[in-house]
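Please treat every number below as a calculation from the coordinates, not as lab data. Just so we're clear, the structure is a prediction, and the values are computed from it rather than from any experiment. For neighbour counting, all protein chains shown are included, and Cβ atoms are generated from backbone atoms with ideal geometry for every residue, glycine included.
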Amino acid sequence: MAKSAVRIGTVAEAALSHFAALLRIRRKERNLTLGELADRLGVSTPTVRKILEGSPSVAIGAYFEAARILGVPLFDPDPDRFAVTASKTAELESLLPKRVRTHQQEIDDRF
């Protein structure tokens with residue numbers, strides 16, 4: 001069964017394209033073949049090709065793992081600043097509701 005095409009907006013597409021370019025550059029700097037990177041990622045060579053093309057159909061975890069293997073930073077490389085940011089994010093998330101529900105609009109049918 002073929003996967004359906006994943007639709008993303010223009011900004012997300014540009015970000016993914018840029019991220020893929022960073023991965024391509026780092027792979028070449030490290031002299032890794034597609035096969036070697038595929039082996040290290042634990043995926044097939046066609047999946048690595050899709051990652052390096054910026055395909056939105058590849059799982060985000062594969063992109064993150066490729067970035068880790070190739071040394072492309074995803075967040076602030078300073079662990080202390082990252083910890084502070086992660087802490088603030090967790091604090092903000094704890095203040096937000098656990099669920100988001102649609103509000104039923106009451107219809108005033110009293111004429």
### Summary
All-but-one check, Ile8 against (1) over 16 Å from Glu65 (Cβ atoms); (2) part of a helix (DSSP H, G or I), failing number (2)
### Task
Only residues that are of a type in the set (Asp, Glu) and within 25 Å of Ala5 (Cβ to Cβ): list them for the range 19-74, please.
Glu53, Glu65
### Enumeration of residues in the range 56-98 that are without any contact (Cβ under 8 Å) to a residue 24 or more places away in the chain and within 13 Å of the chain's Cα centre (by Cα)
Val58, Ala59, Ile60, Gly61, Ala62, Phe64, Arg68, Pro73, Leu74, Phe75
